[in-house]
Amino acid sequence: MENTLTINFDAIESYDHLDETEKKLFDAAKKIRDIAYAPYSDFTVGCAILLENGEIVTGSNQENAAYPSGLCAERTAIFWIGANFPDLKIKKLFVIGAPRAAVSSVPIPPCGACRQSILEYEAKQKEGIEIYFASLDGEIYKTRSIRDLLPFSFDSSYL
């Protein structure tokens, strides 16, 4: 028997429809994307994360000639938070990615490995993290939790 799965997300028309905090996150993700280390793929990604204390932490993708050794922007930022702010909750995560030379793009969601890592932090804090993924032009999608992007998720309840 075939079943249907739907996800919940908001489509935000443009940058102008963001609130001030969301604009700061968009701007921070876009800015850090500019210094991503991506000499092999030339695909640069920036991530900005809002902590419950109001601090914004950023990260960019970091590639390596031994491809599996690189790290995505989302995990660069989230692992740094885990090491330096282990008791603070993550409220929002904003990601922007595109080829380095692009002047326009489409919204790029977190990859599978990043989704799994974000899920771990949601489980740890027992609270969803709002995920925003955006184009360079300001087209933005928002989910209330990574579970919207990873509906058949694996977590510690299976161990």
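Read-outs throughout are calculated quantities, based only on the coordinates presented, and are distinct from any laboratory measurement. The structure displayed is predicted, hence computed values, not measured ones. All Cβ positions, even for glycine, are placed from backbone atoms using ideal geometry, and neighbour counts span all protein chains on display.
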* Structure fact -> Other residues with Cβ under 10 Å from the Cβ of SER145 give, with Lys and Arg +1 and Asp and Glu -1, a net charge of -2
* Asked: Can you list residues whose amide H is under 5 Å from GLY70's amide H, if they're 5+ apart or on another chain and H is modeled 1.01 Å from N?
  -> ASN64
* **Total formal charge among the other residues, if their Cβ is under 14 angstrom from that of PHE154, Lys/Arg +1 and Asp/Glu -1** => -1
* To do: Work through the residues other than SER104 whose Cβ is under 12 Å from its Cβ and net out their charges, Lys, Arg +1 and Asp, Glu -1.
  => -2
* **Pairwise FRET efficiency - TYR67 versus THR4, Cβ, R0 = 35 Å, nearest 0.05** => 0.45
* Asked: Which distance in nm do the two modelled labels at LEU51 and VAL103 give, with both placed 7 Å along the Cα-to-Cβ direction?
  -> 3.9
* **Residues whose placed amide H lies under 5 Å from that of ILE129, excluding near-sequence neighbours** => ILE146
* Structure fact -> The farthest towards the positive end of the charge dipole of region 1-152, of the residues MET1, PRO107, TRP80, given +1 on Cβ of Lys and Arg and -1 on Cβ of Asp and Glu, is TRP80
* Asked: To the nearest 500 deg cm²/dmol, what mean residue ellipticity at 222 nm is calculated for the chain from DSSP H runs of n ≥ 4 alone, each contributing -39,500 (n - 2.57), summed and divided by the residues?
  -> -8000 deg cm²/dmol
